[in-house]
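Inspection log for the structure reproduced underneath, given as structure tokens.
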Amino acid sequence: MGKDWLIKGGTIIDPSTGAQEVADLLVEGGRITGIAPSIAKEGIPVIEARGLWVVPGLIDIHVHFRDPGYEYKETIETGLAAAAAGGFTQVCCMANTLPVNDTGAITFYMVEKAKKVEGPLLHPVGAITKGQKGEGLAEIGDMVDQGAVAISDDGNPVMNSEVMRRAMEYASHFGIPVVDHCEDKNLSAGGSIHEGEVSARLGIKGIPAASEEVMVARDLCLARQTGTHIHIQHLSSRGSVELIKWAKELG
Ligand SMILES: [Zn+2]
């Protein structure tokens, strides 16, 4: 798409100002130069947006591009094209590639490849631990140097509290968040659904809410201890929300 176009009749939503109005929006040289009830401009592409939303570029903080290692499913180019098609201008890529993004070299590869694509920005999220196995720490400093914006083992919890503590200390030092998955694998082992009346009735081994909540509590304590910004993903229990509320009230 070129750098000039006129978007007609869409519902323009701007969270930064709270504005929501049906109007025309003019873009010139890649910049918004006018918003008005009716704009007339000859010689540039017109997008009819009646009944559609016109919003600032969306940011997806948790995507799984399959490059490197699984390019037969998706490459950085096709992933970014899909993001652009969905209205996303920035994406944060999880580290469960092959090899796992646990070194500066893999982060560098992703950033360099994305630079060649005109479109959304790609921000790598490095692994917390080598191979996302929860044992030794990944090369956090090198990954940050190459452009990693956060660290995460994605859906794998870092079961060892000492390892998580060190990871948070590094993250705090580098000024990046730890994006964690809270699950005590010993408590959840073998479970398929939420543990409760339904799991008992169906005879399916359940996963107790406490398997998430004990780890949420642990990571909140470690974040407090280390002064680290954490983002707790995959939350599913009421107790976890109450714990986070409690931690926020403490500051
Ligand atoms: Zn994920």
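The values are calculated or read from the model by the stated rules, or taken from the named source; none is laboratory data. If you're wondering where the values come from, they're calculated on a predicted model, not measured in any experiment. Every residue, glycine among them, receives a Cβ derived from its backbone with ideal geometry; neighbour counts consider all protein chains shown. Calculation scope for accessible area: heavy atoms of the full protein, side chains included, ligands and nucleic acids excluded. Shrake-Rupley method; radii C 1.70, N 1.55, O 1.52, S 1.80 Å.
For segment 123-156, name all the residues that are more than 14 Å from the ligand (Cβ to nearest atom) and either β-branched (V, I, T) or not assigned by TED's automatic domain parsing to the domain that holds L235 (or both).
Of everything in segment 123-156, those that are more than 14 Å from the ligand (Cβ to nearest atom) and either β-branched (V, I, T) or not assigned by TED's automatic domain parsing to the domain that holds L235 (or both) turn out to be T129, I140, V144, V149.
Where residues in segment 61-82 are under 20 Å from V149 (Cβ atoms) and open to solvent by less than 50 Å² (accessible area, probe 1.4 Å), which of them is nearest to the ligand (Cβ to nearest atom)?
In this case the residue turns out to be V63.
Hey, can you tell me all the residues within segment 93-122 that are open to solvent by less than 40 Å² (accessible area, probe 1.4 Å) and within 15 Å of the ligand (Cβ to nearest atom)?
Scanning segment 93-122 gives C93, M94, A95, T97, V100, N101.
Restricting to segment 83-97, count the residues that are within 17 Å of I151 (Cβ to Cβ) and more than 10 Å from the chain's Cα centre (by Cα).
Residues flagged as within 17 Å of I151 (Cβ to Cβ) and more than 10 Å from the chain's Cα centre (by Cα) within segment 83-97 amount to 3.
Among the helices (runs of 4 or more DSSP H) confined wholly to segment 170-251, which include 2 or more residues that are of a type in the set (A, V, I, L, M, F, W, C) and open to solvent by less than 50 Å² (accessible area, probe 1.4 Å)?
Output list reads 209-226, 238-250.
Kindly indicate the residue of segment 1-32 that is open to solvent by less than 60 Å² (accessible area, probe 1.4 Å) and out of contact with any strand residue (DSSP E or B) (no Cβ under 8 Å at 6 or more places or on another chain) and also modelled with the highest pLDDT among those meeting that condition.
G29
Of the numbered conditions (1) β-branched (V, I, T); (2) outside any loop (DSSP other than H, G, I, E, B); (3) within 29 Å of V55 (Cβ to Cβ), V163 satisfies every one except a single condition; which is it?
(3)
For P157, are the conditions met, namely being in a loop (DSSP other than H, G, I, E, B), closer than 21 Å to V178 by Cα and of a type outside the set (G, A, S)?
Yes.
Cβ-Cβ below 6 Å, separation at least six or inter-chain, first residue in segment 169-197 and within 30 Å of D145 (Cβ to Cβ), second in a strand (DSSP E or B) and open to solvent by 50 Å² or more (accessible area, probe 1.4 Å): which pairs?
Here the result reads P177/H231; V179/H231, each pair linking segment 169-197 to a residue that is in a strand (DSSP E or B) and open to solvent by 50 Å² or more (accessible area, probe 1.4 Å).
For the list (1) open to solvent by less than 30 Å² (accessible area, probe 1.4 Å); (2) out of contact with any Gly (no Cβ under 7 Å at 6 or more places or on another chain); (3) closer than 17 Å to H229 by Cα, I need the number of the one condition that S161 fails.
(1)
Enumerate the pairs (first residue in segment 231-249 and without any contact (Cβ under 8 Å) to a residue 40 or more places away in the chain and under 17 Å from M164 (Cβ atoms); second residue anywhere and away from the ligand (no atom under 14 Å from the Cβ) and open to solvent by 100 Å² or more (accessible area, probe 1.4 Å)) with beta-carbon separation below 8 Å, excluding pairs fewer than 6 apart on the same chain, so at least 6 apart or on different chains.
Hits for this filter: A247/R224.
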